Amino acid sequence: MSEPLYWIPTCDVRSETLPQAKAREFLNTHGQRGHFITQDDLRLNYGSQATTLPIKALPQRIWGGSPPKQGGPFEWIAPYRSDDETAIKEMAQDTPITRWILTRTQEQNLSQFFHAVTRIVAIFPQSLLWLDWTTVQWDAIQFLLLHFPTLQIEGIPDDRLYPFKCFAHDINRELWLADFSTHPAIPLLPPPIYAIG
Amino acid sequence: MLPLSFYPKSLPRTPAPVKQVTRIAPTVFCKSACSFCDFAIPPTPGQIVPPALSIDTLVAYRNTLQSSDYVKVRGGLELQEPFSYILALIRAVRRLYDGPLQVLSPVELIAIQEKEKRPINELLQRLAAEGATALGPGGGDSLTPLVETNRIRIKEWVAIQNIAGHVKLETTAMLLVHQNMFNENGLTPFIETLSEIQHIDRLEIKPLRSRGTAVAYLDPPHTLMLASIVTQLRKSFPNTHLIINTRTLTEDARYLLTAAGISEFYQTHKEITP
């Protein structure tokens, strides 16, 4: 069995009038695990949080702590641009990046996106590289997971968990429900298999 | 379980082309009610099947036919018109279109043979003489694990495709693909049967659209399952045209399937029905 996959249910509470109540409800429906994008410290016993911070017009999230601090570990959410390679290398050295959530632009066809992932994997530790579910899309995600056995997927929606679970089972990777808190990850059992015919 | 060793290791710069296919269905009625079919309507008991498509109406589809890359003429098992109707239909299509033309299938030929008492060989020669270039794969669906339709015996289906090859018609086959079809034998029985045909020119891979049909318990295949099957078929049939409908596919899937060995994609340009 290779490295497990993590399902990190993520909830953006920035536009909620009662962010803390929303976060509690989210934790209750997700086994007390969840990662929250927030403006203020949510003061919760469970879950992890990140706050957004625009740097050079790229959406980035300062992650962890309570509240998350400037200069602290952060998540970087961006597509790949070959011009950025040097900057990425420098940043990877100077700043504690928790993960790079790689997004895909509409102009990147699968062949180009595959090339982008191949480049990043060469310069950036694979274990920190996550693919954004919404922009990368399911067909590409399956193919890339087969190719790069330590990639992780960000933003898997609740209603797509079942096919994801089946696929994780097919590629022989365990699936764990987790967040970035100190609470342990919870194993998600593979789906039952019924004999047909 | 997904056979992991069969997935594309690299990607093409562009996917294979998408061809435009026009289908002419003289009637939408068919009594065989195949469990996987989401096109034909079985007539209710006592229902009088309306006359087939009027050949004169084809002229109205001149532009459609001329902008098609491939045309298929279906028959169905409720066609009341004689074989001469099909020949007239082919002649009419040929006046408007000069590309590849696939006509009928082994299942329909057997029905015509029984009704008109003419040998299959002669029927196929007439189709070719009027301008058909290929015989359809109908009945080949019986080769798919768990979807046997018993419309035709496999040996008959193979024999008729072989006769088609002798009269210089393209031979065609199909494979319905669903998520539950992999057992320890995998594709081996399918490949073995298909190898009994001297040369299979065109093989269509059909992702099962099981929703709303009698086989809804079989899941449609996911893209890597399709890619894996295409890879294996490409290995067994290096010179066969492998095709697939784009209807259920994303653009990403077209890259993956091209890498796996698909020769071309198609989409339905127009369905001409009465």
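The values are calculated or read from the model by the stated rules, or taken from the named source; none is laboratory data. Keep in mind that what you see is a predicted model, and the values were worked out from it rather than measured. Virtual Cβ from ideal backbone geometry, glycine too; neighbours counted across all protein chains shown. Only protein heavy atoms, including side chains, enter the accessible area calculation; ligands, DNA and RNA are left aside. Shrake-Rupley method; radii C 1.70, N 1.55, O 1.52, S 1.80 Å.
On the beta carbon distance between B:E192 and A:C166, with R0 = 25 Å, the FRET formula returns roughly 0.25.
Against the main long axis of the alpha-carbon atoms of chain B, helix B:120-130 sits at an angle near 80°. Translational diffusion of region B:129-274, estimated by Stokes-Einstein from the Kirkwood radius over alpha carbon pairs at 4 °C in a medium of 1.567 mPa s, is 81 µm² per second.
Rounded to the nearest 0.05, what FRET efficiency is calculated for A:E25 and A:D158 with R0 set to 22 Å and r the Cβ-Cβ distance?
So, using R0 = 22 Å, E works out to roughly 0.95.
The phi-based Karplus calculation (6.51 cos²θ - 1.76 cosθ + 1.60; θ = phi - 60°) puts the 3J(HN,Hα) values of region B:53-58 at 3, 6, 4, 4, 5, 4 Hz, whole numbers, x for Gly and Pro. By the rule of a C-alpha distance below 25 Å, with chain neighbours fewer than 8 residues away ignored, the lysines paired with A:K22 are A:K69. Taking 0.36 nm per residue of sequence separation and removing the Cα-Cα distance, the B:V18/B:A216 pair yields an extension gain of 68.5 nm. Between the amide H of B:V73 and those of B:I24, B:Q102, B:V103, B:L104, distances stay under 5 Å, these residues lying 5 or more places away or on another chain, with hydrogens modeled in the peptide plane. Backbone phi angles across region B:167-177, fed through the Karplus curve with coefficients 6.51, -1.76 and 1.60 (θ = phi - 60°), yield HN-Hα couplings of 8, 6, 9, 5, 9, 9, 9, 9, 9, 7, 10 Hz in residue order; Gly and Pro are listed as x.
If you average the sequence gap of Cα pairs under 8 Å that are 6 or more apart and divide by the length of region B:115-268, what percent do you get for the contact order?
19
Rg and Dmax over the alpha-carbon atoms of the protein assembly as shown stand at 27.7, 87 Å.
A probe of 1.4 angstrom, applied to the heavy atoms of all protein chains, finds A:F36 with accessible area near 0 square angstrom. Treating each Cα of chain B as an identical point scatterer and summing with the Debye formula, the log10 of I(q)/I(0) at q = 0.07 Å⁻¹ comes to -0.24. Backbone geometry of region B:263-274 corresponds, through the Karplus equation with coefficients 6.51, -1.76 and 1.60 at θ = phi - 60°, to 3J(HN,Hα) couplings of 8, 7, 9, 9, 9, 6, 6, 7, 10, 9, 10, x Hz, x marking Gly and Pro. Under 5 Å from the amide H of B:E170 lie the amide H atoms of B:A134, B:L135, each residue being 5 or more positions distant or on a separate chain, with H modelled from the backbone and absent for Pro and chain starts.
When the C-alpha to C-alpha distance is required to be over 25 Å, the pairs from B:K9/B:K270; A:K89/A:K165; B:K206/B:K235 that qualify are B:K9/B:K270; A:K89/A:K165.
Using R0 = 51 Å, the C-beta based FRET efficiency linking A:S15 and B:S67 works out to 0.55.
One chain, two ends: B:Q267 and B:T57. Fully extended at 0.36 nm per residue, the span grows by 73.3 nm beyond their Cα-Cα distance. When each of the peptides B:43-55, A:139-151, B:119-131 is scored by the mean number of other C-beta atoms lying within 10 Å of its residues, the order from highest to lowest reads A:139-151, B:119-131, B:43-55.
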